[in-house]
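Structure, as structure tokens:
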Amino acid sequence: MQSLPLLSHYIQQAQAKLPATVWHYLQSDAGDGRQRNANEVAWQALKLMPRPLQTLHHANTVCEMFGERWAHPILLAPVAYQRLFHEDGEIGTAIACNAQQGQMMVSSLASQTIEQIIQQAQQPLWFQLYWQGDRARTAVLLQKALASGASAVVFTVDAPVKQSLMDLPEGISAVNLAQALAPRPITPGQSNVFDGWMSQAPTWEDVQWLRQQVKVPLLVKGLMHVDDAKRAVDAGCDGIVVSNHGGRVLDHTPTVTAVLPQLVNAVGGQCKILVDSGFRSGQDVFKALAMGADAVCIGRPYVWGLATEGAMGVAKVIRWMRDELEMTMALTGVSSLDDIRQVDLY
Ligand code: FNR
């Protein structure tokens, strides 16, 4: 029995177990750690009002979206190469997700095949799509995911320039990709960013193209600006994931907490609004729902559990966050996710 709170215990254990390079890859952000920390601090800074004496014995955290029904609104964000953290890898995460009656987004950079992951999960999972340089190659990956039974596609658009690729150990790779994506070779005098990476990055026209290819729900992950959220809705997307990638891509962005209300105001009701970056407790989850989000996603916290105890660790993190969400509902006097959306924050 650990004496520290669950997440602190898992952080310590994960750091002790993982090689320093893998720990750094997991924890790192685009700068010196402040960007990741800013998300966490911003959620913690919002305050909750106690509301005792409500009748809550029929309360629940059921979340419904796109015809799916989960026991709670805590989704697992896509995280690449999960066999780096534990031999259970993505399959362990998927089994935990199913055991906790939730949903997970399988990364384009998964280290096990999407077919195996979905098969072992015993439920349809969502697939996170990274653009593969052009439409033909992207279509191949997409068709593989859809043929495997992906029930939604989450198109991540905020990381067209890769800054920190770590050297993968022998035996771990993005097994679902026909070939790893690298910047287009440049000639002397050209820019590695513009002529290299950005010459094969997706644009809004590609989002429209993707919309035509994808018959299941399509979400765009990595939007922070109101105009981009509106544009995603105009392109026919079913949802957005408000995210600054856990602070890992562009340094000095606003926190998601700072922009979420504007996006809810602009496109709430027109598409589903999910949010990630910096969720470290059930109270944080409650606050995002109170701001109008339909569900949240967690990244690093479940990986700390995975690194420590494999599938069991992931399951415990989800259950612990759900327990905290339930306790927060009990203490603030609300009985459903819809009721949380009526709550004022302080
Ligand atoms: C990520 N993230 C990510 N996102 C994505 O769309 N595809 C991916 O393959 C990955 N890979 C990845 C690896 C690692 C090690 C981390 C930590 C994150 C981003 C992820 O989905 C999510 O946006 C953030 O992790 C959310 O922030 P927190 O919960 O980690 O603070």
* Condition test on ALA150, is it outside any loop (DSSP other than H, G, I, E, B) and either more than 27 Å from LEU250 (Cα to Cα) or over 19 Å from the mean Cα position of the chain (by Cα) (or both)? -> no
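Do we have PRO185 as part of a loop (DSSP other than H, G, I, E, B) and either farther than 20 Å from SER108 by Cα or at pLDDT 95 or above (or both) here? Steps first, please.
Working: part of a loop (DSSP other than H, G, I, E, B): yes; either farther than 20 Å from SER108 by Cα or at pLDDT 95 or above (or both): yes.
So PRO185 passes the test.
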* Restricting attention to segment 270-294, report how many residues are among the acidic types (Asp, Glu) and touching a strand residue (DSSP E or B) at 6+ places or on another chain (Cβ under 7 Å). => 2
* Matching option when the condition is charged (D, E, K, R) and near the ligand (Cβ under 10 Å from one of its atoms), among GLU64, GLU68, GLU40 -> GLU40
* Of all residues in segment 197-220, count the ones that are touching a Gly at 6+ places or on another chain (Cβ under 9 Å) and charged (D, E, K, R). => 1
* Do we find a residue being under 16 Å from the mean Cα position of the chain (by Cα) and within 28 Å of GLN283 (Cα to Cα) anywhere in segment 128-145? -> yes
* Asked: How do the strands (runs of 3 or more DSSP E) wholly within segment 1-106 filter down when requiring 2 or more residues that are touching a strand residue (DSSP E or B) at 6+ places or on another chain (Cβ under 9 Å) and either surrounded by fewer than 20 Cβ atoms within 10 Å (Cβ to Cβ) or of a type in the set (Lys, Arg) (or both): which remain?
  -> 63-65, 68-70
* **Filtered residues of segment 176-222 (kept if under 21 Å from GLU115 (Cβ atoms), surrounded by fewer than 15 Cβ atoms within 10 Å (Cβ to Cβ) and of a type outside the set (Gly, Ala, Ser))** => GLN179, GLN213, LYS215
* Residue that is nearest to the chain's Cα centre (by Cα) [pool: residues in segment 280-297 that are buried (at least 24 other Cβ atoms within 10 Å of the Cβ) and under 12 Å from ARG322 (Cβ atoms)] -> VAL296
* Asked: Looking at LEU168, is it away from the ligand (no atom under 16 Å from the Cβ) and among the aliphatic types (A, V, I, L, M)?
  -> no
* To do: For segment 234-246, state whether one or more residues are more than 17 Å from the chain's Cα centre (by Cα) and not hydrophobic (A, V, I, L, M, F, W, C).
  => yes
* Structure fact -> Counting only residues that are within 14 Å of the ligand (Cβ to nearest atom) and among the polar types (S, T, N, Q), segment 122-165 contains a total of 5
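The values are calculated or read from the model by the stated rules, or taken from the named source; none is laboratory data. The structure displayed is predicted, hence computed values, not measured ones. FYI the Cβ positions are ideal-geometry reconstructions off the backbone, even for glycines, and counts take in every protein chain you see.
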